1. Can you figure out the FRET efficiency of Phe119 with Val240, using R₀ = 25 Å and their beta-carbon distance, to the nearest 0.05?
2. If I fit a long axis through the Cα atoms of helix 168-191 and take the longest principal axis of the Cα atoms of the chain, what angle between them do I get, 0 to 90°, rounded to 10?
3. Any idea what log10 I(q)/I(0) is at q = 0.11, 0.15, 0.18, 0.25 Å⁻¹ for segment 43-111, Debye with uniform C-alpha scatterers and no solvent?
4. Viscosity 0.890 mPa s, temperature 25 °C: what is the translational diffusion coefficient of segment 25-144 from Stokes-Einstein with a Kirkwood Rh over Cα pairs, rounded to a whole number of µm²/s?
5. So for the pair Ala109, Ser193, with labels modelled 7 Å out along Cα→Cβ, what separation do we get in nm?
6. When the C-alpha atoms of the chain are aligned to their principal axes, what extent does each axis show, in angstrom, from largest down?
7. Please give, to one decimal in nm, the separation of the simple spin-label points placed at Leu214 and Leu5, each 7 Å out from Cα toward the Cβ.
8. Between Trp75 and Met102, what FRET efficiency comes out of the Förster formula 1/(1 + (r/R0)^6) with R0 = 35 Å and r the beta carbon distance, rounded to 0.05?
Amino acid sequence: MTMMLLLFAAGLWAGAQNALAGGGSFITLPALIAAGLDPKLANITSTMALFPGQITTGIAGRSLVSGTDRVAFRWLALISLVGGIAGSLLLLVTPSRAFAVMVPWLVLAATLLFAWSTFGNKPRLASQPPPAWVTVATQSIIAVYSGFFGGGAGIVTLASLTLARMPVRNAGGTKNVLVALSNLAAAAVFAFSGAVAWGQAAAIGAGSILGGYLGARALKVLPERVIKIGVIVIGAALTVGLFLRG
């Protein structure tokens, strides 16, 4: 019971963090590992626990959703669904030992990406959007990564859409829907795989729903920069802990 309460608290924190700045999996992944799950099972269970909140976020911002100048949204959505399925299947056939070795590097990459998106110098946009095949290829890679691990997928999606000349506000809303679709597809695969710790997923999921609601309200008063710094600190600490644990 104590562990389930701690997982609920982790879900509460993760749901609020996702609503505020992203990076909720930086909380749920170590919490599930601490609960005794191996990194692969923890990652799958985390995806199952957090995707309902991502779906809700995507629906809430659906009025901002659009395609790029050269790729219609329906194609971006299809890419996200297919890529999410492919990534989840890739994760299922990846040996747990191999995934455990990969996890610290994946978290490190996601943390650095988040830090760059917050404080790094952004490239100047070209006057013309890239060819359609570039956007399709980029989104395909992101979708597969989202289904496989997912940390930082929203950040990369946002960068891809803005480089395709989509207005930032629309890119934010579209990014939420595309990531939600990738994770929905992955969650559907995981649900029938027998590789989900359902009790732990339910505890985190319940907390994340409440946390997402509270986070959406807190977003009006908390400085966004402080929240993002917190995400980076958590990601860095998690990276160090995972490397030491390995």
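The numbers here are math on the coordinates, done by the rules we state, and not lab data. This structure is a prediction, so every number in the text was calculated from the model and none was measured. Positions of Cβ are backbone-derived with ideal geometry, glycine not excepted, and every protein chain shown enters the neighbour counts.
1. On the way: r = 20 Å, r/R0 = 0.79.
With R0 = 25 Å, the Cβ-Cβ based efficiency is 0.80.
2. So the inclination is approximately 40 degrees.
3. -0.41, -0.73, -0.95, -1.19
4. 146 µm²/s
5. So the label points at Ala109 and Ser193 sit 1.7 nm apart.
6. 55, 43, 32
7. 1.5 nm
8. So, using R0 = 35 Å, E works out to roughly 0.70.
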